[in-house]
1. Mind checking whether some residue in segment 141-156 is exposed (fewer than 13 other Cβ atoms within 10 Å of the Cβ) and among the aliphatic types (A, V, I, L, M)?
2. Give segment 9-29 a look and list any residue that's under 20 Å from residue 76 (Cβ atoms), part of a loop (DSSP other than H, G, I, E, B) and not hydroxyl-bearing (Ser, Thr, Tyr), or say none.
3. Would you please name the residue that is modelled with the lowest pLDDT, looking only at residues in segment 1-59 that are within 26 Å of residue 149 (Cα to Cα) and among the hydroxyl-bearing types (Ser, Thr, Tyr)?
4. Go through segment 323-353 and report how many residues are over 57 Å from the mean Cα position of the chain (by Cα), small (Gly, Ala, Ser) and surrounded by 12 or more Cβ atoms within 10 Å (Cβ to Cβ).
5. Can you find a residue that is at pLDDT 75 or above, over 41 Å from the mean Cα position of the chain (by Cα) and exposed (fewer than 11 other Cβ atoms within 10 Å of the Cβ) anywhere in segment 205-222?
6. Would you mention how many residues in segment 232-262 are part of a strand (DSSP E or B), loosely packed, with under 13 Cβ neighbours inside 10 Å and under 35 Å from the mean Cα position of the chain (by Cα)?
7. Would you confirm whether or not segment 30-53 contains a residue that is surrounded by fewer than 13 Cβ atoms within 10 Å (Cβ to Cβ), in a helix (DSSP H, G or I) and in contact with a Lys or Arg (Cβ under 9 Å, 6 or more places away or on another chain)?
8. Restricting attention to segment 209-231, which residues are part of a loop (DSSP other than H, G, I, E, B) and over 19 Å from residue 272 (Cβ atoms)?
Amino acid sequence: MHVKIVSHDAKKSQSASNIMQYLDKENEKKKLKNEHLILEDKEDEINPNSVEYFFNQDYNPYDLEDPNSKINVFEAADNLDKNRGTQNLSSSNFYMLNISPSQQELEHMKKIAIEELTNRGLIFEDIQNNETALDFYNEQKDQLMKLQMKLFTQEIMEQYASQMNREIYANQEALPTDAERKLMKPEIEERFRKFLEDKGIKSEILQPDVNYLGVSNFNVKQEYSHGKIFTFYSSDIEKKIDLFVPEGKYKIEDEQLFIDEEYYSDKYNTIVERENFWNEKIEIPGIAAKSSDYFTDYVKEDKVHLMHQWDEFDSGTSKLFSGWILRYIGIFILGIGYIGIINITELLQSTILAQFDTGGGNYGMMGNTVDGTVFSAGILVAMIVTFTVKIKLFGVVTSYITGMFQ
């Protein structure tokens with residue numbers, strides 16, 4: 001088994017919810033598919049084992065309805081967040097223990113599952129030509145392999161908890177860095193070897209054969225004294241990847257590259273998971289009210305976290321759209337009002353001037369005089385009056401219409 005311990009990064013999130021939702025992403029796709037089957041009246045096509053739940057240490061594998069084996073993502077995240085103890089919000093609240101079986105171990109688990117199915121009367125040779133029976137056989141085989149992993153995980157976690165030095169893990173500064181772990185690894189392996197020898201374990205068991213995985217069509221990108229960087233195509237992410245392999249972890253025979261299976265699985269899976277995480281496509285159901293998504297910033301090679309409140313977004317978009325329509329209507333009506341004000345003030349100006357000019361040298365109400373001074377004064381009065389009225393009307397109309405169409 002390939003085992004890796006990763007601490008929760010409290011700088012990215014103080015809660016476990018983001019990690020739990022990331023682990024649950026495959027379930028979201030299956031749940032959405034099941035919802036579509038329900039809407040299409042095809043409930044009988046729903047696989048009851050299609051959705052995977054979280055489970056705890058009290059999980060009973062012989063009880064299909066055991067609530068300890070049906071813990072949803074929200075309950076799992078809440079349990080982790082509440083189990084903080086003396087840890088402050090800036091410290092890692094939990095550790096992730098990644099357990100990955102090797103190809104050889106997967107084959108062994110498959111063999112055990114097939115033997116169990118045979119004992120139950122399900123024999124592959126008898127049903128291999130029956131498509132329905134074969135689907136059921138494969139589904140049962142997968143479930144038995146998952147059961148083996150769950151039972152193994154239970155035992156691992158029990159040992160992990162009993163061996164945990166809580167005093168060290170309660171103080172983050174006491175944990176070794178990645179560089180220190182590499183320096184410590186030879187000494188740890190030597191101590192473990194001595195421990196096994198003291199228990200009387202045979203030496204040939206201490207030196208198991210190294211399993212290699214073959215890689216075709218590779219190139220050597222860079223050579224170092226302690227290893228090489230190989231470039232090869234990954235069908236999982238459909239692109240070429242670069243993988244550094246230290247000396248002693250690879251061999252080249254007949255123009256084919258062979259990499260230590262344990263080293264390859266650890267490093268390769270990390271690259272694939274990271275690439276899939278960066279390129280993940282977020283599928284948001286139409287009824288979703290909220291979502292929390294990560295997108296790739298390819299400049300900084302990091303994730304950008306975006307929070308969406310979709311119901312508020314829809315409401316805001318509707319208000320914004322209707323607001324713009326009202327503004328355009330208001331501007332149109334305001335333009336008509338301005339034209340009306342201009343026409344009215346021009347009529348007012350003509351009326352005022354008419355009082356000072358009746359034609360033929362008669363200057364209206366001011367008497368019969370040929371003095372042009374009076375008429376000039378009339379023009380000035382008309383301009384002042386019409387300008388004052390125009391500005392006043394502009395202000396009143398503008399205030400009224402803009403207030404109505406906000």
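The values are calculated or read from the model by the stated rules, or taken from the named source; none is laboratory data. Keep in mind the model is a prediction, meaning the values are calculated, not measured. All Cβ positions, even for glycine, are placed from backbone atoms using ideal geometry, and neighbour counts span all protein chains on display.
1. Scanning segment 141-156 turns up at least one residue that is exposed (fewer than 13 other Cβ atoms within 10 Å of the Cβ) and among the aliphatic types (A, V, I, L, M).
2. 9, 10, 12, 14, 16, 24
3. 7
4. So the first thing to find is which residues in segment 323-353 are over 57 Å from the mean Cα position of the chain (by Cα), and the list is 340-353.
Those left that are additionally small (Gly, Ala, Ser): 340, 350.
Next, only the ones that are surrounded by 12 or more Cβ atoms within 10 Å (Cβ to Cβ) stay: 340.
Result for segment 323-353: 1.
5. First, the residues of segment 205-222 that are at pLDDT 75 or above: 211-222.
Filter again for over 41 Å from the mean Cα position of the chain (by Cα), leaving none.
Looking for residues that are at pLDDT 75 or above, over 41 Å from the mean Cα position of the chain (by Cα) and exposed (fewer than 11 other Cβ atoms within 10 Å of the Cβ), one finds none in segment 205-222, hence no.
6. 3
7. yes
8. We begin by selecting, within segment 209-231, every residue part of a loop (DSSP other than H, G, I, E, B); these are 209-211, 216-217, 225-226.
Answer for segment 209-231, where residues must be part of a loop (DSSP other than H, G, I, E, B) and over 19 Å from residue 272 (Cβ atoms): 209, 210, 211, 225, 226.
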